[in-house]
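K.L.:
Got a structure for you, written out below as structure tokens; questions coming shortly.
Values in this text are rule-based calculations from the coordinates and carry no lab data. Since the structure is predicted, the reported quantities are computational estimates derived from the model, not experimental observations. Methodologically, a virtual Cβ is constructed for each residue, glycine included, from the backbone with ideal geometry; neighbour enumeration extends over all protein chains shown.
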Amino acid sequence: MRLAILSDIHEDYENLLKIVGLAEARGFDKLICLGDISGFSLPYYKYGKSRNASACLALLREKCDIIIPGNHDLHAAGIDPELPDILKGQETWQHQLDLDPGYSEEDTSFLATLPFYEILATPAGNILFSHYVYPNLSGMVKGFYYSEKEFQEHFAFMLERECSLCFTGHAHPRGFYKVHPEGFKQYRYRGIKITSFPALIGIPHVTRHEHRSSFCIFDTNSLRLQVLR
């Protein structure tokens, strides 16, 4: 099974069209989006004239087998998720700079139905898909993780759900990163074979922010991951 995985579009409809076209040209069995379809702010993104959150969402609803909402999508839909006790009182993203995505009522109703994570059974074992990592699955709490120690609760979350592999977005890495319980490693845009489990892969973003638009193809039979810039 070939999985095409993308994340963090931030209303960049032109780049999303290109990436979906590239993924279709390479071939996949399932297309998966890990969130932040919306969330455009002028200090960070420069494609204000071409941004189109509704068109991005419509394309993903047509093409995707799995869509996970990101923190910007939850904000756009007016959803304030209940945080686990361990996160209560921590600083959250307020999204003050987000411009109105222009979603219809039907768009926001759809976003409100989406789960914070989903599990897919594959020949490589169960794969968990989430916007970020447990206990901050929605990415609503500020901060990012940079060492394997910070991911231990997420690995326990995976174990409870019998998942050997996880893909997340949210962090906008320059390339991608791979985490095991014993180590954290950053990679540039390239291909690797995943040979040890459990493992978490943090994937790059679609938005053209800093000209680093990318997506992933993962083959569950060969365990080969390609991160394509």
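K.L.:
Yes or no: the stretch 215-225 includes at least one residue that is without any contact (Cβ under 8 Å) to a residue 40 or more places away in the chain and either surrounded by fewer than 16 Cβ atoms within 10 Å (Cβ to Cβ) or polar (S, T, N, Q) (or both).
P.N.:
Checked the stretch 215-225: at least one residue is without any contact (Cβ under 8 Å) to a residue 40 or more places away in the chain and either surrounded by fewer than 16 Cβ atoms within 10 Å (Cβ to Cβ) or polar (S, T, N, Q) (or both).
K.L.:
Looking at residue 100, is it crowded, with 20+ Cβ neighbours inside 10 Å, charged (D, E, K, R) and over 20 Å from residue 84 (Cα atoms)?
P.N.:
Values: crowded, with 20+ Cβ neighbours inside 10 Å: no; charged (D, E, K, R): yes; over 20 Å from residue 84 (Cα atoms): yes.
Spelling it out, it is not the case that residue 100 is crowded, with 20+ Cβ neighbours inside 10 Å, charged (D, E, K, R) and over 20 Å from residue 84 (Cα atoms).
K.L.:
Now, a different point. Those residues that are charged (D, E, K, R) and surrounded by 15 or more Cβ atoms within 10 Å (Cβ to Cβ), I need them from the stretch 19-38; list them, please. Full working, then the answer.
P.N.:
Just the residues of the stretch 19-38 that are charged (D, E, K, R), to begin with: 24, 26, 29-30, 36.
Scanning the stretch 19-38 gives 30, 36.
K.L.:
How many residues does the stretch 117-140 contain that are touching a residue at least 24 places away in the same chain (Cβ under 8 Å) and surrounded by fewer than 19 Cβ atoms within 10 Å (Cβ to Cβ)?
P.N.:
Count: 7.
K.L.:
Now for a different question. List the residue pairs whose Cβ atoms are under 7 Å apart, where the first residue sits in the stretch 165-185 and is without any contact (Cβ under 8 Å) to a residue 60 or more places away in the chain, the second is of a type in the set (Gly, Ala, Ser) and surrounded by fewer than 17 Cβ atoms within 10 Å (Cβ to Cβ), and the two are 6 or more positions apart or on different chains.
P.N.:
165/125; 180/196; 184/147
K.L.:
Residue check: is residue 102 without any contact (Cβ under 8 Å) to a residue 24 or more places away in the chain and more than 25 Å from residue 24 (Cβ to Cβ)? It would help to see each step written out before you state the result.
P.N.:
Working: without any contact (Cβ under 8 Å) to a residue 24 or more places away in the chain: no; more than 25 Å from residue 24 (Cβ to Cβ): yes.
Against the criterion (without any contact (Cβ under 8 Å) to a residue 24 or more places away in the chain and more than 25 Å from residue 24 (Cβ to Cβ)), residue 102 does not qualify.
K.L.:
Do you know which of the residues in the stretch 173-214 that are charged (D, E, K, R) and out of contact with any Lys or Arg (no Cβ under 7 Å at 6 or more places or on another chain) is surrounded by the most Cβ atoms within 10 Å (Cβ to Cβ)? Before the answer, list the steps.
P.N.:
Of the stretch 173-214, the ones charged (D, E, K, R) are 174, 178, 182, 185, 188, 190, 193, 208, 210, 212.
Checking which are out of contact with any Lys or Arg (no Cβ under 7 Å at 6 or more places or on another chain) leaves us with 182, 188, 190, 208, 210.
Numbers: 182: 7, 188: 10, 190: 12, 208: 17, 210: 11.
Across the stretch 173-214, the extreme among qualifying residues is 208.
K.L.:
Then there's this: Taking helices (runs of 4 or more DSSP H) that fall entirely within the stretch 1-115, which contain at least 1 residues that are of a type in the set (S, T, N, Q) and under 17 Å from the mean Cα position of the chain (by Cα)?
P.N.:
13-26, 71-76
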